[in-house]
Every structure is written in structure tokens, then in C-alpha cells.
Amino acid sequence: MKEKIRQRNWHKIKPVVFGLAALFLILLNITTSHSRQPQPSLVRKDLSRRETLKDSLDTKTGLIIAPGFAVVSTTCVRCHSPKLITEKRATREGWLATIRWMQQTQGLWDLGKDESVILDYLAKNYAPKNEGRRPLLKTPEWYKLTNRQ
Amino acid sequence: MKSEENKTGAKSLNHTTGLNRRKFIFKSARMAAFTWGWGLFANRTVRAAQKLASPATLPDKSPLPAGKHPDLILLSDKPLNAETPPHLLDDAVTPADKLFIRNNGLEPTTIDVKTWTLTIDGESVKKNTVFTLEDLKKKFKHYTYQLVHECAGNGRSEFSPAGRGNQWTTGGVGCCEWTGVRLRDVLEAAGIKDDAVYIGYYGKDTHLSGKPGEVPISRGVPMRKALEDEALIAWAMNGKDIPLVHGYPLRVLFGGWPASTSGKWLTRISIRNKVHDGAKMNGHDYRLPIHPIAPGARIPEDNEHFRIIEAMPVKSLITYPKTGAQVATGKPLEVRGHAWVGDLQVKEMHTSIDFGATWQKCTLKEPRNRNCWQHWTTQINFPDKGYYEVWARATDSNNKMQPMLVPAWNPGGYLNNACHRIAVEII
């Protein structure tokens, strides 16, 4: 009997519980995401130099704005172009090898606890793409060829 | 260059503090303050002993030097690296504004041509000798050659997994006309000992880290290449002073070998009694595994497992038309480009419009001199309307052809000489 009553009550309050849970999750998401990472800055008017500038990319560095972005943007691009990150793809192991190489040959300091934050960010956002033996030709900007030289 | 970078560095700091205007003003201001403060902290404590270079962000203005074609594709602004889209390489002689840029460090900021010297030293020089620019121009016979030089990592972007460094597509190559003196004549004037094995160059560029005394790059070639007729110490490119970004006032040139051997802002050449051990001569820099390895495999970075890249493999580019051409049906389409190969000659050139099922022979010109690229042209008739890809394939004088697939994977992502192709639509 108790079981039946519980089921009936659950039936009544189910939408309320789910609604509250959803609201809680939304709020949680807003607070955590805003406390963890800087907001995407306003999209610059001059976009001509970058193909896929979206809200999720930092307009200054072109880096994906995700957890770890702040550390990466203040550490890695201190010495070299952010493009050396955004153009490349590697596994966590591959990125670690790159950090070790920079420490051995390029004067990079010991990253301490930032190292794992940086590696998590790079491995997640700049992971390898499986492209096979020859990627497809990029779809070009089509143009009418009339004045043939 | 330096002052420009400092300017952009300062700008980027302002930008950071100005981030996120719209919402969450307090949070973002706190974040920005943190970012800025972290930068100061890192600056003062972690690298206190070092002169800190300004943070690199993408500058608002193009970092390409004045006089460069605006359609060059920027791969990295620090160090400065930019490649040329294939249709901009259509000229027989690559003009200065269209030559790719590959820097390893930062350009020298002070250059005094009057006091510029070239020192010849090393274990295997008979007498350490210093030449002024004037000495070089007066004491030796002048030569002019058109030399192809290509970045060993040209085409790296197609390797999977990705190789370390800039992700070059097809445009890390050019063929300019260089004027100067033969390296051989200069080395012989200083005297070459019998035990000479290699030469190594030194330039006036500075290391990215800002560390004094760090050399960004110092590579070289074996004596047999150094003593060839076409190995030049040049002060002129296409009949004018070499532009600053390409090595003003003096550089060395070895056509057909990785362009990293052609050092810029040349101040010193060492004649070595062993393989040159300068910056980027070791590890797997500009080296290939001696035995082929599986994609992504890791092997020890030592001389037992890696060999230095010497002459570049056979390769070609379609420089006309630009990819994406929509062409009216009926008339044949003229297609043209260049083909080149390290120390050999290109023997044949073919194109295919059916993904390699059939190949059509092109007209191929002789090179103007050794280590110069060769021009090719062909007329293509398309059988039907629709989407086509024109693929180009060169064959060298040893009968080696360009592969249609990306060749053997290597950790550095070097020597991708796979066929170039463009898209064409017949309408």
C-alpha cells in the first residue's frame, strides 16, 4: 500500500522535481562557467584575417575559450605566436613532449601545477583529427574564369 | 620589428583589461586583473633573470613587412612565418613581395652595412679571415643564379598526426634570382684544410626567448654541396638589395636543399671537421627516420635513428588557374606551373583530371640554371560539365615521381611532396 501511495505522490510531484532540477542545473552551469572562464569578447569588426571567428574564440589569440584558456593565454603565447597552438593538433602525450622540448631547448620554465591545466586544455581543444592518407581538397571560393591568360 | 612587437604587446594588455564589456563586469574585471597580475608575477619571479619578450597575440594590423603581398597567408607572427598561395607563384622568377617568409628567431634590429663583416673560421679553416661587404664585392667574381628554395616542412599540414611546427600547405617555396659570390671562392680564399667535412652558418637574428647568446638557428651543408658552382653568398635578390626579412644585407643560398640551410643576415661561416652541430642540426630537426616508421610512432632522437635531409624530393605546383575556376564548356583550359627537384632535373610533367586513372603529358621547359625550377604548361579538354580536380605530377631524372598520397610519415612532418591539385568546375 505504502508503495502505491508513494508512486501516486511521485506522479504528482514529478514535473515539479524535474523542473527544479533543470533550473538548478542551468543556474549551476551559469555560475560555474562564468567563474571559471573569461567571457568571449565582442567580435571585432575586422574579421577578414580569420576564417572561423566565433563567439567561442578569443579575438586576440584565436584560442578556444574553455577551461584552462586563461593559463594557456598567459603562458604559452608569452614567447611564441598563438598560431603555433591553434594550427597544431596532438594528443596529451604529444603536447607534453612539446612542452618538454620547449623546456630543454627554448628556455621554458617549470610550469608547476599549471602544466596539467595546460595539458588538459590542449588535449581537449586541440586533439588530433583523423584525416587519412590525403584530406579532401578544401571547397574553394568559386569564381568565373573569363579573361584567360 | 622589435618596436612594433612591443607596441602590439602593450595593446594586448589593454585589450585584456578591456575584455567583456557587456555583462559580468565585476567578474571579468577580476579575471582580467588576475591575468595581468599573473603576467607580472611570471615576469618578475619565474623569469627574473631573463629579459622577457612581449606576449604574442595576433596583432590588429598585418605583421607582414611593408612591401609584402597582402594575400600571403600568415602562419605565425612570432617568429614571423607566412606562405604564398599557389596562384601567386605564377611568375617565372618569384618577385620579392610574393616570396614566403620563414624566420626562426627575431630579425636583427640594427644593421650597419658599412661595418658588416663575414668571418670564415672553424676547425678546418687554414686562416681565420674577416671580409667586409666591400671586400666580397671587390675581391671575387660575381655570379647570378635563379635558385629554388623550399622549406623542408612545406606540406606539413597534410601529415596525420601533425608534425611539430608551422602547418605549411603548399606555399613554402619560391625561386628568386640571387647575385653574389661563390661560397667556394670565399672559402678557398681563407683556405680549406683536408679534414673539412661540413660548413655551418651563423646569422644576426636573435632567439625568441630573448636570451642573449642563444642562437635561433645555425645549420649547414656538407663540403660537396658547399663547393658547388651554385652555392652563393648573395647580397642581391632579383637585382636589388635583399629585403630585410629575407636576410639583408647578406645571406647564403643552397638551391634545392631545405631552405633552412640558406641562412639569413649572414655574419659567419665555420668550416668544420665534423658534421655541423649548430642550433636545429640535431634531434629530429630537419631530419628523417633512417628506417620508415608507422604514423605517430616514437623513436629516440639520435643519429642512430635519424638522418639529415639533403636534396629535396621532386615536386610541382599548379600556379594557373587559381583553384575554384568555373570555366565555360567547349574551349580547352590552359593550366601551368613549375616543377623542381633537389640536385637533379625534372624530366617529365603530367596532369590528370580523373584522379590518376589517366595522365596527360605537359610541355616542360629546361631549367635556366642548375637548382632552378622549370616551367610547364598544358591544355586540358574536359569531357563533360561538372566538378573536376586537376592533379599535377612531376617525374625526376632518376624516374622518381610525386606520390598522390602523403608520403612516409615522419615526426617532423617533412618532405610532403604529394601531387598538388586544384578544383575546376565546367559550366
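The values are calculated or read from the model by the stated rules, or taken from the named source; none is laboratory data. The structure presented is a predicted model; accordingly, all values stated were derived computationally and were not measured. No Cβ is skipped: glycine too gets one built from the backbone with ideal geometry, and neighbour counts run over all protein chains shown. What goes into the accessible areas is simple: the full protein's heavy atoms, side chains included, and nothing from ligands, DNA or RNA. Shrake-Rupley method; radii C 1.70, N 1.55, O 1.52, S 1.80 Å.
In region B:122-137, the qualifying residues are those that are of a type in the set (Ser, Thr, Tyr) and more than 17 Å from B:Val197 (Cα to Cα), and the one that is most open to solvent (accessible area, probe 1.4 Å) is B:Thr132. Just checking, does region A:111-129 include any residue being out of contact with any Cys (no Cβ under 8 Å at 6 or more places or on another chain), under 30 Å from B:Lys322 (Cβ atoms), at pLDDT below 90 and not aliphatic (A, V, I, L, M)? The answer is yes; a qualifying residue exists.
In a strand (DSSP E or B) and among the hydroxyl-bearing types (Ser, Thr, Tyr) - does that describe any residue in region B:400-416? No: zero hits.
Exactly one residue out of A:Ser81, A:Ser73 is under 19 Å from the mean Cα position of the chain (by Cα), facing chain B (nearest Cβ under 8 Å) and part of a helix (DSSP H, G or I), and it is A:Ser73. Residue check: is B:Trp265 among the aromatic types (Phe, Trp, Tyr) and either within 14 Å of another protein chain (Cβ to nearest Cβ) or open to solvent by 30 Å² or more (accessible area, probe 1.4 Å) (or both)? Taking the combined requirement at face value, the residue does not satisfy it. Screening A:Gly62 against (1) within 9 Å of chain B (Cβ to nearest Cβ); (2) touching a Lys or Arg at 6+ places or on another chain (Cβ under 6 Å) leaves a single unmet condition, (2). Residues of region A:90-140 that are among the aliphatic types (A, V, I, L, M), open to solvent by less than 50 Å² (accessible area, probe 1.4 Å) and under 22 Å from B:Arg156 (Cα atoms): A:Ala90, A:Ala97, A:Ile99, A:Met102, A:Leu122, A:Ala123, A:Ala127, A:Leu137.
Is it true that some residue in region B:390-400 is within 17 Å of B:Ile318 (Cα to Cα), out of contact with any Lys or Arg (no Cβ under 9 Å at 6 or more places or on another chain), among the aliphatic types (A, V, I, L, M) and surrounded by 14 or more Cβ atoms within 10 Å (Cβ to Cβ)? So far as region B:390-400 goes, no, none of its residues is within 17 Å of B:Ile318 (Cα to Cα), out of contact with any Lys or Arg (no Cβ under 9 Å at 6 or more places or on another chain), among the aliphatic types (A, V, I, L, M) and surrounded by 14 or more Cβ atoms within 10 Å (Cβ to Cβ).
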